[in-house]
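A.B. asks: Provided herewith is a single structure, encoded as C-alpha cells, for subsequent inquiry.
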Amino acid sequence: MKTVLIIGSAGFVGSHLTEGCLSNGWKVIGIDDFSSGKQENLKNINSRNFIFIKQDLSKPNSASSIEKKLSKIGINKIAEVVHLAARKIPRYGKRLETLVVNIETTRVAGELAGYYKSRLIFASTSDVYGLSTDSPFKETGYLTFGPSHVARWAYGSSKYIGEQFAYGFSEEYGIPIVIVRIFGVYGPRQVKGWKGNAVSAFFEQAMDKNVYEIHGNGKQTRSFLYVSDLNELLLLVLKSERRNNQVINAGNRESIPMLDLAKKIHKLVNKKDKFSYKLVSYSSFTGKEYQDVMVKNPDLKQAAVIYGWRPKINLNSGLAKTWEWYEK
C-alpha cells in the first residue's frame, strides 16, 4: 500500500487531498499544527489508513522528531511527501514569521523526503511570478520581485526559496520532485476573510451585509481555481511517475477584475440589496508601502500535456458551490 505524508493535512487544500488519497486506497500520514488548519476539516475521515500527528515543523529538530514517532508505529517507508503548509502574504505585519515558517517547514519537508527516499511534491504559489509582465505566466518565465522594503514580497520570495530548496534536495538526496504553483484556490473549508483570498473576503463581507472594501482601484484581475479541480491535479501528480523535476501551474483560464468579483458574489448572496463599495488604499491597512500585481493569469499547457488536466469548474459554478457550503 502506498503511503503519502501530507504536511498541512488539516488545512483547506490538505483536508481535501487527504480524503482523495484515502479514496485511492493509500495510507495517509497527516501533519498539522492547527495554526490555520482546523480539526473540524478532518471530522469526516474515519479510516484506519489515516494517521495524524500534531506538530509545528518550523521548530528545531522537527524532522528527527517525526522520524522517531513514525518508527514507533512501524512506518519506515513513505512514497510521497506533499508539502502544503505555509504562511500567506503578511498584509498586517509578521513578515519574519512568514519567512521563518515557510522556509523552515520546507527544509523539514525536504529532510523527511530525503530520509525516506520519497518524491517531494511542493505547493508553491503564483506569487513567485511577482511583478512579471508576462501574460499568461509561464513556468519557464522570469520572476520579478519588487524592492525589499515592501513586506508583500516576503511570501512570494519565501516560496521561491522553497522551490530552490526542492531542487537542492533533489540534487543532494537523489529524490524526484514536482513543484505546483497554485493560483487563487477557493471552495468549501477555505480560510475565511483575507486570510483566505478575495473570494473568502467578499463572501464574508456579503454575509455581514457590509459595504464591500475593494483594495486599490479594483481593476486587478485574478484567476480562481475551484478546490476539486486542484485536488484532481494533485492526485494526478501523485499517481504519475512521468516528468518529475518539473514546475506546473495550477489555475483557471477565466480571469476577473476584483470589483466584478465582488459584484458577482453580492448578486449570489444578496440578490435584492443594492451593491455598495468603497475603494481602500493599501496604506490604510498595511501602514506601509504595498505593491499589488495587476494581472495574474496562468499558462496551463504544462499541466494539460503532462497530466491531461484541465479545470472543469467555471467561476459561476464554483462560487455557487462555495455559497452552498457557507449557508450550511
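The values are calculated or read from the model by the stated rules, or taken from the named source; none is laboratory data. Just so it is clear, the structure is predicted and the values come from calculations on it, not from any experiment. For neighbour counting, all protein chains shown are included, and Cβ atoms are generated from backbone atoms with ideal geometry for every residue, glycine included. The protein model used for the area step is the full one, side chains on, heavy atoms only, and it has no ligands, DNA or RNA in it. Shrake-Rupley method; radii C 1.70, N 1.55, O 1.52, S 1.80 Å.
A.B. asks: Determine the pairs where a residue that is within 13 Å of LEU259 (Cα to Cα), located within the range 187-215, has a partner that is of a type in the set (Lys, Arg) and assigned to a helix (DSSP H, G or I) with Cβ atoms under 9 Å apart, the partner being 6 or more residues away or on another chain.
C.D. replies: What qualifies is ALA201/LYS195; PHE202/LYS264; TYR212/LYS263.
A.B. asks: Would you mention how many residues in the range 269-328 are assigned to a strand (DSSP E or B) and β-branched (Val, Ile, Thr)? Spell out the reasoning first.
C.D. replies: Going residue by residue through the range 269-328, those that are assigned to a strand (DSSP E or B) are 277-280, 295, 298.
So of that shortlist, the ones also β-branched (Val, Ile, Thr) come out as 280, 295.
Total satisfying the criteria: 2.
A.B. asks: Return the residue satisfying two criteria in turn: it lies in the range 156-194 and is under 12 Å from the mean Cα position of the chain (by Cα), modelled with pLDDT under 95 and under 16 Å from SER36 (Cβ atoms), and of such residues it is surrounded by the fewest Cβ atoms within 10 Å (Cβ to Cβ).
C.D. replies: Across the range 156-194, the extreme among qualifying residues is VAL191.
A.B. asks: Oh, and also: Restricting to the range 46-70, name every residue that is open to solvent by less than 80 Å² (accessible area, probe 1.4 Å), modelled with pLDDT of 95 or more and either on the phi > 0 side of the Ramachandran plot or more than 21 Å from the chain's Cα centre (by Cα) (or both).
C.D. replies: ASN49, PHE50, ILE51, SER62, ALA63, SER64, SER65, ILE66, GLU67, LEU70
A.B. asks: Go through the range 21-32 residue by residue and tally those that are small (Gly, Ala, Ser) and open to solvent by 10 Å² or more (accessible area, probe 1.4 Å).
C.D. replies: Keep residues of the range 21-32 that are small (Gly, Ala, Ser), which gives 23, 25, 30.
Going one step further and asking which of them are open to solvent by 10 Å² or more (accessible area, probe 1.4 Å), we end up with 23, 25.
Adding up the residues that qualify gives 2.
A.B. asks: Would you mind telling me which numbered condition in (1) assigned to a loop (DSSP other than H, G, I, E, B); (2) surrounded by 20 or more Cβ atoms within 10 Å (Cβ to Cβ) GLU254 fails?
C.D. replies: The single condition GLU254 does not satisfy is (2).
A.B. asks: Go through (1) within 17 Å of LYS301 (Cβ to Cβ); (2) buried (at least 20 other Cβ atoms within 10 Å of the Cβ); (3) of a type in the set (Val, Ile, Thr) one by one and return the number of the condition ILE214 breaks.
C.D. replies: It is condition (1) that ILE214 fails.
For every residue, the table says whether it meets (1) hydrophobic (A, V, I, L, M, F, W, C); (2) within 22 Å of LEU5 (Cβ to Cβ).
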site: ILE182; (1), (2): yes, yes
site: GLY187; (1), (2): no, no
site: ASN231; (1), (2): no, yes
site: ILE256; (1), (2): yes, no
site: LEU259; (1), (2): yes, no
